[in-house]
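A short worksheet on the structure shown next.
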Amino acid sequence: MGSNGTFLDNEEAPTYAPSIPVPNVQELVRKDPFQVPQRYVRKVEDRPKDTDTSYLSSFIPVIDLSLLLMGNNEELNKLDLACQEWGFFQVVNHGVAKQVSQKMKDAAAEFFKLSLEEKNKYAMPSDDIQGYGHAYVVSEDQILDWSDALILLVHPSHYRKLKFWPNSPKGIQEIIKEYSNAIRKVATELFQSFSLIMGMDKEALLGLHKQLVQAYRVNYYPPCSKPDQVLGVSPHSDTSTITILMQEDDVCGLQIKNNNEWVPVNPIPDALVVNVGDVFEIWSNGKYKSVEQRAVANYSKARISYASFLFPHDEVEIEPPSHMVDSKTTAAL
Ligand code: OGA
């Protein structure tokens, strides 16, 4: 941190945990669509089950951001309950122009169509989190996810390492910036409502971040001949404050844990999926839940998802503001 308490512009981007290099899944499927190497096969108890919980998807709350922005109390209550009971909700009327999200989807689809050699020009090195490849592989015995990803830090701008930003298709860098700016606006607007439901003034939650860091992860899930034996992404909670995910309108994959069941988050066309991350759970003193999520693979369709993670600066100490600490609970300890 600079001596005046601000963060320096030449500060290095965080690199997080080193990751072991692993095969490219899209290429594996291109070479032989029927192979599912042992390294991807999950233990029976970890596999997606047939039990149909998809009807539960319709209970996942849908929040109208335009109502939140008008200070609508009913919508604020809905948001409060969504964060407590589900840790997830879908957002409609979020203000991201359809044209911006469509351009993002078209450009990403083109990028993943490039040859492996082309995509590997942006390959993620084992000691960095940014680039095209696989993060969080820490052991040779780890069961691998059925997906590849492009991961970029987009804010603050001096965290950007342009050598990992694709040059193809033409214009994709500008599209990523435009899409990320639109998502950042949604995030800061949501933070205003979160501040209110936490009993703080509107700008307080954003202020706790000191600097709002934004990471972007585009996931590519190739089709899989044995989708019942693999997972697209292993169960995890997000370390972020919140994550904002754009999914495809016509391919399912995301599942979330609710009452010990895996519930699919079926896409609502044009909606964004938002979830509470670990930082927000801590800031809310456990009132809001950072729940487990995973992605399943599909038999015949590839799926692309677009996750934007919002974080406080690395140096911020995460603890609940004092008014969120229930005096009765502390007294009982
Ligand atoms: C992630 C993630 C879910 C999805 O990128 O961390 O959980 O539906 N993605 O792709």
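The values are calculated or read from the model by the stated rules, or taken from the named source; none is laboratory data. Here the structure is a predicted model, which is why all the values come from computation and not from measurement. When we count neighbours, we look across all protein chains shown, and the Cβ atoms used for this are built from the backbone with ideal geometry, even at glycine. The protein model used for the area step is the full one, side chains on, heavy atoms only, and it has no ligands, DNA or RNA in it. Shrake-Rupley method; radii C 1.70, N 1.55, O 1.52, S 1.80 Å.
Leaving out same-chain residues fewer than 8 places away, which aspartates and glutamates sit with a Cα under 16 Å from that of K289?
D80, E85, D238, E261, D278, E281, E319
In whole Å, what are the Cα extents of the chain along the three principal axes, biggest one first?
Sorted largest first, the three principal extents are 59, 50, 43 Å.
Please check: in the Gaussian network model of the chain (C-alpha springs, under 10 Å), which one of D278, D32, D80 has the largest mean-square fluctuation.
Per the Cα network of the chain with a 10 Å cutoff, D32 tops the list.
Relative to the first principal axis of the alpha-carbon coordinates of the chain, what is the inclination of helix 73-85, with its axis defined by its Cα atoms, in degrees from 0 to 90 and to the nearest 10?
60
Run down the aspartates and glutamates and flag those whose C-alpha is under 20 Å from the C-alpha of K161, throwing out any fewer than 8 positions away in its chain.
Straight-line reach from K161, under 20 Å: D9, E11, E12, E117, E118, D127, D128, D148, E174, E178, D314.
Under a Cβ-only charge scheme (Lys and Arg +1, Asp and Glu -1), can you give me the dipole magnitude of region 38-324 about the Cα centre, in debye to the nearest 20?
Details: 29 positive and 38 negative charges, 157 e Å.
The calculated dipole for region 38-324 is roughly 760 debye.
Looking at region 29-132, which trypsin sites (Lys or Arg not before Pro) are in a loop (DSSP not H, G, I, E or B) and have at most 12 other Cβ atoms within 10 Å? Don't skip to the answer; put the middle values down first.
Details: sites: R30, K31, R39, R42, K43, K49, K78, K98, K103, K105, K113, K119, K121; in loops: R42, K43, K49.
Those that pass, being in a loop and sparsely packed, are K43, K49.
Residues with amide H under 5 Å of H155's amide H, sequence separation 5 or more or different chain, H placed in the peptide plane at 1.01 Å from N; which?
Those lying under 5 Å, H to H, from H155 are Q214.
Output ³J(HN,Hα) for region 88-98: one whole-Hz value per residue in order, computed from phi by the Karplus curve 6.51 cos²θ - 1.76 cosθ + 1.60 with θ = phi - 60°, and x for Gly and Pro.
9, 7, 9, 10, 10, 6, 8, x, 7, 5, 3
Report, in deg cm²/dmol and to the nearest 500, the calculated mean residue ellipticity at 222 nm for the chain, where each DSSP H run with n ≥ 4 adds -39500 (n - 2.57) and the sum is divided by the residue count.
It lands at -7500 deg cm²/dmol.
Which one, I256, I244, I175, has the greatest fluctuation when you compute a Gaussian network model over the chain with C-alpha springs under 10 angstrom?
Greatest mean-square fluctuation among the candidates belongs to I175.
Is the shape of region 211-287 best called rounded, prolate or oblate, per the rule: a/c under 1.5 gives rounded, else a/b larger than b/c gives prolate, else oblate, with a ≥ b ≥ c the square roots of the Cα gyration tensor eigenvalues? Mind showing how you got there, number by number?
Numbers: a/c = 1.85, a/b = 1.52, b/c = 1.22.
Verdict is prolate for region 211-287.
Leaving out ligands and nucleic acids, and using a 1.4 Å probe, what accessible area per residue does the chain come to in Å²?
Details: 15760 Å² over 333 residues.
With all protein chains present, the chain gives 47 Å² per residue.
For a 18 Å ceiling on Cα separation, which of these pairs sit above it: K98/K185; K105/K226; K121/K170? Each step should come with its number before you reach the end.
Details: K98/K185 15 Å; K105/K226 26 Å; K121/K170 15 Å.
Those over the limit are K105/K226.
If amide hydrogens are placed 1.01 Å from N in the peptide plane, which non-local residues have theirs closer than 5 Å to the one on N298?
Those lying under 5 Å, H to H, from N298 are C224.
Given a 10 angstrom Cα cut-off, can you work out which residue in S139, S284, S101 is the most mobile in a GNM of the chain?
Of S139, S284, S101, the Gaussian network model singles out S139 as fluctuating most.
What ³J(HN,Hα) values, in whole Hz, does the Karplus curve 6.51 cos²θ - 1.76 cosθ + 1.60 give for region 162-171 when θ = phi - 60°, with x put for Gly and Pro?
In residue order, the calculated couplings are 5, 5, 9, 8, x, 9, 9, x, 4, x Hz.
Which percentage, to the nearest 5, of the DSSP beta bridges contained in the chain is antiparallel? Don't jump to the answer; show the numbers that get you there.
Values: 41 of 45 bridges.
Bridges in the chain that DSSP calls antiparallel: roughly 90 percent.
Can you give the alpha-carbon Rg of region 159-280 over 2.2 N^0.38 Å, where N counts its residues?
The value comes to 1.23.
If one takes the longest principal axis of the Cα atoms in the chain, at what angle in degrees, from 0 to 90 and to the nearest 10, does the Cα axis of helix 172-197 lie?
The angle comes out at about 30 degrees.
Looking at the chain, which longest stretch skips every one of the GluC sites (Glu not before Pro) that is in a DSSP loop with at most 13 other Cβ atoms within 10 Å, leaving the sites themselves out?
Values: sites that count: E12, E140, E203, E315, E317.
My reading of the result: 13-139 is the longest stretch.
Assuming 0.36 nm per residue, please report the length gained on full extension of the stretch R42 to V22 beyond their Cα-Cα distance.
On the way: separation 20, 0.36 × 20 = 7.20 nm, distance 1.66 nm.
This chain segment gains 5.5 nm when fully extended.
Suppose a student asked you for the relative contact order of the chain, using Cα pairs under 8 Å spaced at least 6 residues apart; what percent would you report?
Computed over the chain, the figure is 23 percent.
What's the extension gain from S66 to H323 if we count 0.36 nm per residue and subtract their Cα-Cα distance? Before the final figure, lay out each step's value.
Details: separation 257, 0.36 × 257 = 92.52 nm, distance 2.82 nm.
Difference between extended and current length: 89.7 nm.
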